[in-house]
Amino acid sequence: MKTIKVLLVDDSAVVRQVLMAVLSRAPDLQVIGAASDPVFALEKMAKEWPDVIVLDVEMPRMDGITFLRKIMSERPTPVVICSSLTARGAETTLQALAAGAVEIVTKPQIGLKQFLQESADDFIQTVRGAASARLRRSTGPREAPPPVEPTPASLQAMAKTTEHLIAIGTSTGGTQALEEVLVRLPRVCPGILIVQHMPEKFTASFAERLNSLAQIQVREAKNNDRIIPGLALIAPGGKHMALKRNGAQYHVEIFDGAPVNRHRPSVDVLFRSVAKFAGRNATGIIMTGMGDDGARGLLEMREAGARTVAQDEQSCVVFGMPKEAIQLGAVKEVLPLSRISSVIVSSS
């Protein structure tokens, strides 16, 4: 068993103490150091480089975002953001994800020690998953990829029906991957439903960011929202999202419920509802992420006649969810991230 070396960077002594105790439960995880700010962290990293960094975003002397960008430009290393569950924290954390962080762990402002202890197993799994992430050196702001133009055939199909829809499920690495896909879409494309594993309060900010970058409309889903062409709805953090049908119209149901595959929202919940109510009038796409959420739901979509696509290993940050779906026989096509937008545009 390979030992995963972890460095903790947080200005709270309590957080550092609790996280060290949590990670010490796992025999394959070794905390090689804990620093109160990035300056101290860099001193420790000069002596021994970690496999994973657990990083707060608001700290003295150097903020977490500046530190993260420095690391990703010089020596890309998996970073798990440990951020407060606040609106301000959500916005800052999204900047961290855009800069290359692979995962978010939220910490409440009250009852922090108890929360971290109760979430120990999930936190350990998050660190393990982060260690397997494929990262690329950051070279500064990326140029927007060229847009995918709708073909005459797809425009004609969209004029005839608004029934076809796209369901996307993703997790670790998904924020960057979704941005790359959605910014390439033209205004004319099928309606899109997205489950991105993300805590509550973060999805609204994430949707706003994507909406500012894309030609299509992107927003956090609300109960009974209709699925219409040119609109992408993102499941709100902490809630499940399912497809419903009323006559010729599709809408979403947003509801509470127990986590499925350890997640709420769950990709399986979305995909299974799409299989039931849309059948062959849907395309299911499973993208980068840890675990197996979405694999069984995508299989149900394929069995219902839907087109099913998985992101390939080379372009995934973590080839967990797509791999599980492929092994289950749920996937008809395996494609690089650069071709996912074309799949959406050509679906009808």
Between helix 13-23 and the chain: long-axis angle, C-alpha atoms, 0 to 90°, nearest 10: 70 degrees
For Met72, the net charge from surrounding residues (Cβ-Cβ under 11 Å; K, R +1; D, E -1) works out to +4
Helix 120-131 versus the longest principal axis of the chain: what is the Cα-based angle in degrees, 0 to 90, to the nearest 10? 80 degrees
Tell me whether region 4-131 comes out rounded, prolate or oblate; compute the Cα gyration tensor, take square roots of the eigenvalues as a ≥ b ≥ c, and use a/c under 1.5 as the rounded threshold. rounded
Pull up the cross-link candidates among the lysines for Lys107, meaning alpha carbon to alpha carbon under 16 Å and not fewer than 8 places away within one chain. Lys201
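Work out how much length Arg61 to Arg219 would gain on full extension: take 0.36 nm times their residue separation and subtract the Cα-Cα distance, in nm to one decimal.
Answer, rounded to one decimal: 53.3 nm.
What's the ranking of 49-59, 10-20 by average number of surrounding C-beta atoms within 10 Å, highest first?
49-59, 10-20
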What spacing in nm lies between the two simple spin-label points modelled at Lys113 and Phe40, each 7 Å away from Cα in the Cβ direction? 1.9 nm
For Ile228 and Glu163 in one chain, what is 0.36 nm times their gap in residues minus the Cα-Cα distance, to one decimal in nm? 22.6 nm
For a bin width of 5 Å, list the pair-distance distribution of region 152-346 built from all Cα-Cα distances, rounded to whole %. 1, 9, 19, 23, 24, 16, 6, 1, 0
Taking the Cβ-Cβ separation of Val188 and Arg245 as r and a Förster radius of 22 Å, what is the calculated FRET efficiency to the nearest 0.05? 0.45
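Values quoted throughout were computed directly from the atomic coordinates according to the rules given, and no laboratory measurement underlies them. No experiment lies behind these values; they were computed from the predicted model shown. Please note: Cβ atoms are built from the backbone with ideal geometry, for glycine as well, and neighbour counts cover all protein chains shown.
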